[in-house]
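K.L.:
I have a structure I would like to understand better, so I am pasting it below and will then ask my questions one at a time.
The values are calculated or read from the model by the stated rules, or taken from the named source; none is laboratory data. As the structure is a prediction and not an experimental result, all values here were calculated from the model. In this analysis, Cβ positions are derived from the backbone assuming ideal geometry, glycine residues included, and neighbour counts consider all displayed protein chains. We work out accessible area using only protein heavy atoms, side chains counted, and drop any ligands, DNA or RNA first. Shrake-Rupley method; radii C 1.70, N 1.55, O 1.52, S 1.80 Å.
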Amino acid sequence: MQSTRTRTVVVIAAAVLIAAAAIGLVSLAGSLGGDDKPSTPPKQAAAPAAAGPSIVNVQLSDFKIQPSRAAVPAGKVTFVAKNTGDEEHEMVVVRTNKAAGSLAGGKSEASEAGSVGEIGEFKAGGTERKAFNLKPGHYVLLCNVPGHYKAGMYTAFTVR
Ligand SMILES: [Cu+2]
């Protein structure tokens, strides 16, 4: 009786040990197996970087302002102004809800209320560039050298 019972215990213990060993081998195999797939899907690539600064080429002539594009996305906008006329010109950037041609209000020069900056007067044949940080809105590009606005040096410009 006693010996049968002891043998049973021994057999059970052996079975437990074998099972434990088997589990150990399995987990060892798992850790060595190189199954390195992460349990979560890889994160999406970072959002694409914001578009670079917009570049607007502007021709200043006697007496017109002609940007290469009439609208740009909000953000950094670099104006590259080229004076193709015979006189000095400038380019003032005004944010306003008024129509491009209605800023003079009876005076000889345009009101620069809402100006966000300007490329100051520069000589014929020259090229000047300047970056602006523009919020969405309606803008007017103009030259306020005396008489030039009245002569037609203005144009509407949109920042979306
Ligand atoms: Cu001008």
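K.L.:
Tell me the net charge near F157. Cut-off is 12 Å between Cβ atoms, F157 excluded, with +1 for each Lys or Arg and -1 for each Asp or Glu. Spell out each step's value before the answer.
P.N.:
Values: positive: R69, R95, R160; negative: none.
With Lys, Arg at +1 and Asp, Glu at -1, the net is +3.
K.L.:
How much net charge surrounds N83 when only other residues with a Cβ under 13 Å from its Cβ are counted (Lys, Arg +1; Asp, Glu -1)?
P.N.:
On the way: positive: K64, K82, K123, R129; negative: D62, D86, E87, E88, E90, E121, E128.
Within the 13 Å Cβ shell, the charges total -3.
K.L.:
Could you give the dipole magnitude of the range 54-159 about its Cα centre, charging the beta-carbon of Lys and Arg +1 and that of Asp and Glu -1, in debye to the nearest 20?
P.N.:
500
K.L.:
Right, here's the next one. With a sphere of radius 12 Å drawn around the Cβ of G120, what net charge do the other residues whose Cβ falls strictly inside it have (Lys, Arg +1; Asp, Glu -1)?
P.N.:
Taking every other residue near G120 into account, the sum is -3.
K.L.:
A further question follows. Could you order D86, D62 so the one with the most accessible surface comes first? Probe is 1.4 Å.
P.N.:
Details: D86 135, D62 60 Å².
Result of the area sort, largest leading: D86, D62.
K.L.:
Another one. For the pairs K64/K123; K64/K130; K76/K98; K98/K123; K82/K135, note any where the Cα-Cα span goes beyond 26 Å. Write out the running numbers ahead of the final one.
P.N.:
Working: K64/K123 15 Å; K64/K130 19 Å; K76/K98 23 Å; K98/K123 29 Å; K82/K135 24 Å.
Too far apart for the 26 Å limit: K98/K123.
K.L.:
In whole Å, largest first, what are the principal axis extents of the Cα atoms in the range 54-159?
P.N.:
31, 31, 18
K.L.:
A follow-up question, please. Points 7 angstrom from Cα along the Cβ direction at K135 and A99: gap in nanometres?
P.N.:
Between K135 and A99, the simple spin-label model gives 2.6 nm.
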